[in-house]
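S.K.: One structure follows; several queries about it will come next.
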Amino acid sequence: MSDWPLLSLVTFLPLVGAAFIMLIRGDERVVAQNARAVALWTSLVTFGLSLLILANFDNSQAGFQLVERRTWLPGFGIDYHMGVDGISLWFVLLSTLLTVVVIVGSWHSVQTRIKEYMVAFLVMETLMVGVFCALDMVLFYIFFEGILIPMYLIIGVWGGARRIYASFKFFLYTLIGSVLFLVAILVMYLEAGTTDIPTLMDTTFDENLQRWLWLAMFASFAVKVPMWPFHTWLPDAHVEAPTAGSVLLAGVLLKLGGYGFLRFSLPMLPDASLYFAPLIYVLSIVAIIYTSLVALMQTDMKKLIAYSSVAHMGIVTIGIFTPNALGLQGSIMQMISHGIVSGALFMIVGVVYDRIHSRDIDRYDGLAERMPSYALIFMIFMMASVGLPGTSGFIGEVLVIVGIFQTNSWVALLAASGMVLGASYMLWLYRRTIFGALTKDDLKLIKDVRPNEAIAFAPLLVLVFFMGIYPSFFLDPMAASVENLLVQIGAAQAPASLAQR
C-alpha cells in the first residue's frame, strides 16, 4: 500500500462527500436524511483509511513517511508535498475520529440547514487533515487559514444568540496573527529559495533573523493555542458555537498552534526557540494559574470548560519548549488527550443543553437521579480532565512535569499547581450539576443519554482508558521523530549550555 496516494485520499475524500451532498435534491426531510447518511459514511470511510496510515507506519523511522510529491507551481519551486511522521500521525487520526463523533453526536440536535451543516464539517475535515499532512509551507498555509472559513460559518449560522459577534472575533483574531506568519514564510522563501518544510528544517538562518521570524510565527501560533493573553476570543467562540463546532474547535483547532511550534519554530528556528523559552514559560504559568482561577468563577458550563482548555494548553506549551524527550512527548500526549477529553466535555454540556436549553450551572442539580448513564460518562471524562492515574490526562501531564523538572524545578512546581486547581473547578462543576436533591420540575422529566449520543461517546471513553493504561502504543510511533527533533535543536542547545558554564 506504500504506492497508494493514501494521504491524498484521506485528505480529499471528505470533499467528495461534500460535493455529493450538495447534489442531493428532494423535500426537506429526505434531503436531511440523505445528507446525514452521506456525511456519516464519508467520515467513516475516511477514518478507516486514516487507520491504514497507522497500519503502514514504521515506528523505527524518524523521517516523513507515505510521502507524495508532485510539481505544483514550478515557476516558484513550490510542490504538492504530503507526508506524516510520528508527530503528525496522531493528529490526523484525531481529526478523522472527531469528525465521525460530531456527525453522530449531532444527529438529532441540529434541525436547520442540515445539508449545509454537513458540508461545512466535511470541508473542515479536509482542511484539518491537510494541515497535518502538508510538507510545503504554502500548502500548509492554505489549509491552516482555510479552516477559518467553515468554522466561521458554523459559529455564525448555527451558533447562539451572540453568534455574529463571536464568529467575527474568532475570525479577526486568528487572521491578524496569521498575516505575520505569511510574512515569515515569504522571508524564509527569499532566504532559502524554497518553501519545502524538510529542506527548511535543515537550513540554518542567521540568529537575529531567527528571532524576528520566531516572533512572527509566535503571533499566529499563540493565538491558535491560545496562550494568555491572546485567549480572549476562545470563551466567546465556544459559548456561541454549536456543540459539534465546540468539539472540533477544542479537539483539533486548538492543536494547530502547538503543532506549529513543533513543526516550524523548534526545528527551523532553534536558537530563537531557546532564547524565547523563558517567555513561553512565564506566559504558560500565568495561563495555567490565572485561567484556572477564572474557571472557578464561571456560571456558564461551556465557559468553564473553555477556560480549562487554556490552562491545559499552558501545560502543552511548557512541554513543547522543554528541551528533552519527556517534555516533547508529554506535550504531544497532552494535546491528543485534551482533544479527546475536552471534546467529550463539550458534548456533555450539549446533551443537557439540547434538553433544557440552558448552560447555567445553577440551572441544574441532582441529575444522577434521572440520568445515571450521563452521570457516569461525565464522571469519567471529568476524572480524565483532572489527570486521574489510569486515564489519558495523567500521562501527558506527568511527562511534561517530570521533563520540565529536569530543566527548571520552579516552573515544574507552578505548572503542577494547575492539576490542583483543575481538580477544584471540575469537581465543583460535577458536584453542582450531578449530585444533590432533584428539585426542579423540568429536570424530573429529563431523558438520559440517547443511543446516538452513547455511540458518539463510546470511542472517546475507550481511548481515555486505553491511553492511560497502554501509553506506549501512542508513545512508540512518536519516539523516533521526537529524538530527531531534539537532534535538530541540539546545535542551539550546546553553545548555550557552554555559555552558562
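The values are calculated or read from the model by the stated rules, or taken from the named source; none is laboratory data. What you are looking at is a predicted structure, and each value in this text was computed from that prediction instead of being measured. Note that we place each Cβ from the backbone using ideal geometry, even for glycine, and neighbour counts take in every protein chain shown.
S.K.: Could you tell me whether the range 286-296 includes any residue that is surrounded by fewer than 24 Cβ atoms within 10 Å (Cβ to Cβ), touching a Phe, Trp or Tyr at 6+ places or on another chain (Cβ under 9 Å) and not in a helix (DSSP H, G or I)?
M.R.: no
S.K.: Among the candidates 483, 453, single out the residue that is in contact (Cβ under 8 Å) with a residue 24 or more places away in the chain and under 25 Å from residue 87 (Cα atoms).
M.R.: 483
S.K.: Can you confirm whether residue 274 is modelled with pLDDT under 90 and crowded, with 22+ Cβ neighbours inside 10 Å?
M.R.: Criteria not met by residue 274.
S.K.: State which residue pairs qualify: first residue free of Cβ contacts under 8 Å to residues at least 24 places away in the same chain and inside the range 112-127, second residue in a helix (DSSP H, G or I) and buried (at least 24 other Cβ atoms within 10 Å of the Cβ) in any location, beta carbons under 6 Å apart, and separation of 6 or more residues or different chains.
M.R.: none
S.K.: Does residue 469 satisfy the criteria of being more than 27 Å from residue 352 (Cβ to Cβ) and touching a Ser or Thr at 6+ places or on another chain (Cβ under 8 Å)?
M.R.: No, not satisfied.
S.K.: Follow-up question, since we're still on this one. Looking at 347, 335, 383, can you tell me which residue is touching a Lys or Arg at 6+ places or on another chain (Cβ under 9 Å) and of a type outside the set (Asp, Glu)?
M.R.: 335
Per-residue answers, yes or no, for (1) surrounded by 22 or more Cβ atoms within 10 Å (Cβ to Cβ); (2) in a loop (DSSP other than H, G, I, E, B); (3) among the basic types (Lys, Arg); (4) in contact with a Gly (Cβ under 7 Å, 6 or more places away or on another chain):
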residue	(1), (2), (3), (4)
60	no, yes, no, no
71	no, no, no, no
79	no, no, no, no
92	yes, no, no, no
95	yes, no, no, no
98	yes, no, no, yes
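S.K.: Here are some residues: 318, 280, 305. Which one is closer than 15 Å to residue 386 by Cα, touching a residue at least 40 places away in the same chain (Cβ under 8 Å) and in a helix (DSSP H, G or I)?
M.R.: Working: 318 fails: closer than 15 Å to residue 386 by Cα; 280 fails: closer than 15 Å to residue 386 by Cα.
Step by step, each of 318, 280, 305 is checked, and only 305 is closer than 15 Å to residue 386 by Cα, touching a residue at least 40 places away in the same chain (Cβ under 8 Å) and in a helix (DSSP H, G or I).
S.K.: Kindly check whether there is at least one residue in the range 271-291 that is of a type in the set (D, E, K, R) and either under 30 Å from residue 469 (Cβ atoms) or under 14 Å from the mean Cα position of the chain (by Cα) (or both).
M.R.: Taking the range 271-291 first, the residues of a type in the set (D, E, K, R) are 271.
Next, from what is left, pick out any that are either under 30 Å from residue 469 (Cβ atoms) or under 14 Å from the mean Cα position of the chain (by Cα) (or both): none.
No - not one qualifying residue is present in the range 271-291.
S.K.: Somewhere in the range 212-231, is a residue surrounded by fewer than 19 Cβ atoms within 10 Å (Cβ to Cβ) and over 23 Å from the mean Cα position of the chain (by Cα)?
M.R.: Yes, the range 212-231 contains a residue that is surrounded by fewer than 19 Cβ atoms within 10 Å (Cβ to Cβ) and over 23 Å from the mean Cα position of the chain (by Cα).
S.K.: So which pairs qualify, if the first residue must be in the range 22-45 and under 20 Å from residue 9 (Cβ atoms), the second must be polar (S, T, N, Q), the Cβ gap must be under 8 Å, and the two must be at least 6 apart or on different chains?
M.R.: These pairs meet every condition: 43/96; 43/99.
S.K.: Another question about this same structure. Among the numbered criteria (1) more than 24 Å from residue 91 (Cβ to Cβ); (2) buried (at least 22 other Cβ atoms within 10 Å of the Cβ), which single criterion is violated by residue 328?
M.R.: (1)
S.K.: Restricting attention to the range 161-216, which residues are of a type in the set (A, V, I, L, M, F, W, C) and farther than 29 Å from residue 69 by Cα?
M.R.: Those that are of a type in the set (A, V, I, L, M, F, W, C) and farther than 29 Å from residue 69 by Cα: 161, 164, 166, 168, 170, 171, 172, 176, 209, 212, 215.
S.K.: Looking at the range 353-393 only, could you name the residues that are under 19 Å from residue 239 (Cα atoms), among the charged types (D, E, K, R) and assigned to a helix (DSSP H, G or I)?
M.R.: 354, 355, 362, 363
S.K.: Anything in the range 413-433 that is of a type in the set (S, T, N, Q) and surrounded by 20 or more Cβ atoms within 10 Å (Cβ to Cβ)? List them, or say none.
M.R.: 433, the sole residue that qualifies.
S.K.: May I ask you to list the residues in the range 348-358 that are modelled with pLDDT under 85 and either more than 17 Å from residue 453 (Cβ to Cβ) or aromatic (Phe, Trp, Tyr) (or both)?
M.R.: 358
S.K.: Related question: Is there a residue being outside any helix (DSSP H, G or I) and at pLDDT 85 or above anywhere in the range 412-425?
M.R.: Looking through the range 412-425, none of the residues is outside any helix (DSSP H, G or I) and at pLDDT 85 or above.
S.K.: When residues of the range 191-238 are filtered for being within 30 Å of residue 295 (Cβ to Cβ), in a helix (DSSP H, G or I) and of a type in the set (Val, Ile, Thr), how many remain?
M.R.: Count: 1.
S.K.: Whether any residue in the range 72-93 is over 24 Å from residue 189 (Cα atoms), modelled with pLDDT of 85 or more and among the polar types (S, T, N, Q) is what I want to check.
M.R.: No, that holds for no residue.
S.K.: List, please: which pairs have Cβ atoms under 6 Å, are six or more places apart or on different chains, and start with a residue in the range 169-184 that is closer than 22 Å to residue 196 by Cβ and end with one that is assigned to a helix (DSSP H, G or I) and of a type in the set (Phe, Trp, Tyr)?
M.R.: Filtered contacts from the range 169-184: no entries.
S.K.: Moving to a separate point now. Out of the range 321-330, which residues are β-branched (Val, Ile, Thr) and part of a helix (DSSP H, G or I)? First the steps, then the outcome.
M.R.: The first filter runs over the range 321-330 and keeps only residues β-branched (Val, Ile, Thr), leaving 322.
Once the filter is applied, which keeps residues that are β-branched (Val, Ile, Thr) and part of a helix (DSSP H, G or I), the range 321-330 yields nothing.
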